[in-house]
Amino acid sequence: QETGTWGIGEIATLPLDTAKVRLQIQGGSAVGSTAPKYKGMIGTMATISKEEGFFALWKGLNAGLARQMINASLRIGLYDPIRNFYSGGKQNATLIEKILAGLTTGAIGISVANPTDVIKIRLQSEAKLPEGVPRRYNGVIDAFIKIYRQEGVRGMWTGAVPNIMRNAIINSAELATYDHTKHIILEKGILRDNIVCHFVVSAWAGFVATVVGSPVDVIKTRIMKGDKTKGCLLYTSPSPRDS
């Protein structure tokens with residue numbers, strides 16, 4: 001049920017995610033580039049729709065759904081047992097124990113799902129090409145085959161380190177914030193345990209997770225895109241001395 005919910009969320013929010021990816025990469029895709037092509041979330045979505053068609057906003061949907069099935073199942077499904085492990089079976093875990101549980105399950109989930117994230121990012125990042133220039137990838141299966149043939153198994157885990165960092169941070173911030181905030185709200189009687197409470201707490205948890213995870217999300221996206229300059233990868237590591 002949780003995985004299905006996240007799948008619906010992926011379909012609903014993928015246009016925003018595609019716009020986010022384009023905004024994240026345009027500052028680092030080319031040396032000496034002209035004025036930014038994409039400006040703001042709405043402007044980016046409008047530009048993509050105009051140049052590539054409305055459904056281009058859902059590029060990489062299959063890979064995104066596969067990512068959610070794997071990642072959400074692990075990071076959410078393992079959260080309660082791992083939180084209980086860290087708390088020693090106590091009924092009320094501390095905030096630190098909840099954060100540790102979120103870090104752990106987030107890292108586990110995306111470690112397994114990383115190949116689907118690589119494919120999704122590469123499909124989302126490909127904008128309209130000049131006449132006669134072939135696309136880098138033609139769908140999820142083609143992307144999987146080409147990445148495997150050209151970069152090997154290691155290529156499927158491109159950007160794994162920043163991706164694990166990002167997912168661990170976001171997952172811990174999101175689940176720990178949700179879990180702890182809901183506990184406080186119910187304990188103090190601010191809201192009842194109903195859909196309004198869940199919506200308010202979810203919105204707050206999502207905001208906190210996005211703010212905390214945004215910097216490493218930019219790094220992850222640029223590394224996964226696999227841009228090259230003079231035959232060498234433009235980004236190879238989250239560490240400045242290695243990129």
With every protein chain in place, segment 8-103: carbon and sulfur % of accessible area (1.4 Å): 68
Alpha-carbon spread of segment 61-202, three principal axes, descending order, Å: 64, 31, 19
Long pairs among Lys188/Lys220; Lys90/Lys120; Lys90/Lys188, criterion Cα-Cα beyond 31 Å: Lys188/Lys220; Lys90/Lys120
Restricting segment 113-160 to GluC sites (Glu not before Pro) in coil, as DSSP defines it, with at most 11 other Cβ within 10 Å: Glu131
Label-point separation, Ser214 to Glu51 (7 Å along Cα→Cβ), nm: 2.3
Coarse-grained scattering of the chain at q = 0.09, 0.15 Å⁻¹, given as base-10 log I(q)/I(0) from a Debye sum over alpha-carbon atoms: -0.43, -1.09
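The values are calculated or read from the model by the stated rules, or taken from the named source; none is laboratory data. Computed from a predicted structure; not experimentally measured. Neighbour counts run over all protein chains shown; Cβ positions are idealised from the backbone, glycine included. Surface accessibility is based on the protein's heavy atoms, side chains included, excluding ligands, DNA and RNA. Shrake-Rupley method; radii C 1.70, N 1.55, O 1.52, S 1.80 Å.
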